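Engineer: Here it is, the structure in full.
The values are calculated or read from the model by the stated rules, or taken from the named source; none is laboratory data. Since we're looking at a predicted model, the values are computed, not measured. Cβ atoms come from the backbone with ideal geometry, glycine included; neighbour counts cover every protein chain shown. Only protein heavy atoms, including side chains, enter the accessible area calculation; ligands, DNA and RNA are left aside. Shrake-Rupley method; radii C 1.70, N 1.55, O 1.52, S 1.80 Å.
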Amino acid sequence: MRVLFVCLGNICRSPTAEGVLRHQLQAAGLADQVQVASAGTGDWHVGKAPDGRTLKAALARGYDLSEQRAQQVKVGHFAEFDLVLAMDQSNLRDLRALRPHAAIGELDLFLRRYGSALDEVPDPYYGGADGFEQVLDLIEAACQALVVEIKGRL
Ligand code: 4NP
């Protein structure tokens, strides 16, 4: 199974989701069976490591995101991934516009699919440190539900 997380810049929310899901899959003994990646709808940060604030907040919870490099989402990703998960409604709209009609992989809003109280992971880029903690809280909880779904699908 292959899962792609998508946000706007691919330097804050989706790299966090990639790192958290990898970690949880490792703990569940499923890392070999699931491919996890992330991308952004925008191209401003392509090739760059995650935002320093994202790296710091994630590392404090045991997630090392330093090897990740930003990429822009491409139409071909819809053939490469079984599940494409958008961080907010704007990302979802952009992905719907890009997605080929014949695409087999599913596209969904990450938090809504996994029963979070919020539908969107708020963009932390222009805010304070609290925002990065909230991103981690929301993503950790939703990834637990995603791992349950993955176990059922494997
Ligand atoms: P992300 O956050 O979509 O969670 O990676 C952002 C990163 C960069 C920008 C906006 C949001 N930006 O405008 O450069």
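Engineer: Thinking of the chain as a set of Cα atoms, what percent of all their pairs are more than 24 Å apart? Write out the running numbers ahead of the final one.
Structural biologist: Working: 2860 of 11781 pairs.
For the chain, the fraction of Cα-Cα distances above 24 Å is 24 percent.
Engineer: A follow-up question, please. Using a 1.4 Å probe and counting only protein heavy atoms, arrange 113, 93, 153, 13 so the residue with the most accessible area comes first.
Structural biologist: Values: 113 65, 93 150, 153 105, 13 5 Å².
The ranking, largest first, comes out as 93, 153, 113, 13.
Engineer: Can you give me the solvent accessible area of residue 151 with a 1.4 Å probe, rounded to the nearest 10 Å²?
Structural biologist: We get 120 Å² for residue 151.
Engineer: How would 1, 87 line up by accessible area, probe 1.4 Å, largest first? Intermediate results must be reported in sequence, preceding the final value.
Structural biologist: Values: 1 45, 87 0 Å².
These residues rank, largest area first, as 1, 87.
Engineer: Would you work out what percent of the accessible area of the range 2-153, with all protein chains in place, is carbon or sulfur (probe 1.4 Å)?
Structural biologist: Working: 3710 of 7380 Å².
Carbon-and-sulfur percentage of accessible area, whole number: 50.
Engineer: About the Cα centre, and with charges only on the beta carbon of Lys, Arg (+1) and Asp, Glu (-1), how big is the dipole of the chain? Nearest 20 debye, please. Display every interim value, and only then the final one.
Structural biologist: Numbers: 16 positive and 20 negative charges, 52 e Å.
My answer is approximately 240 debye.
Engineer: To the nearest 20 Debye, how big is the dipole of the range 76-154 about its Cα centre, given +1 on the beta carbon of each Lys and Arg and -1 on that of each Asp and Glu? Could the numbers behind the result be given before it?
Structural biologist: Numbers: 7 positive and 14 negative charges, 82 e Å.
The calculated dipole for the range 76-154 is roughly 400 debye.
Engineer: Now a separate question. Under a 1.4 Å probe, what is the accessible area of the chain per residue, stated in Å²? Can you show the working numbers first?
Structural biologist: Working: 7510 Å² over 154 residues.
Per residue, the chain has 49 Å² of solvent-accessible surface.
Engineer: Same structure, new question: Tell me the mean residue ellipticity at 222 nm calculated for the chain from its helices only (DSSP H runs of n ≥ 4, each -39500 (n - 2.57), averaged over every residue, nearest 500).
Structural biologist: Here the helix-only value at 222 nm equals -13000 deg cm²/dmol.
Engineer: So, one more: Suppose accessible area is computed on protein heavy atoms with a 1.4 Å probe; arrange 133, 149 from highest to lowest. Can you show the working numbers first?
Structural biologist: Values: 133 75, 149 45 Å².
I get 133, 149, largest accessible area first.
Engineer: Using a cut-off of 25 Å between alpha-carbon atoms, which lysines can reach residue 56, once sequence neighbours fewer than 8 places away in the same chain are excluded?
Structural biologist: 48
Engineer: What FRET efficiency comes out for residue 74 versus residue 148 if R0 is 25 angstrom and r is the Cβ-Cβ distance? Round to the nearest 0.05.
Structural biologist: Working: r = 29 Å, r/R0 = 1.17.
Between residue 74 and residue 148 the formula returns 0.30.
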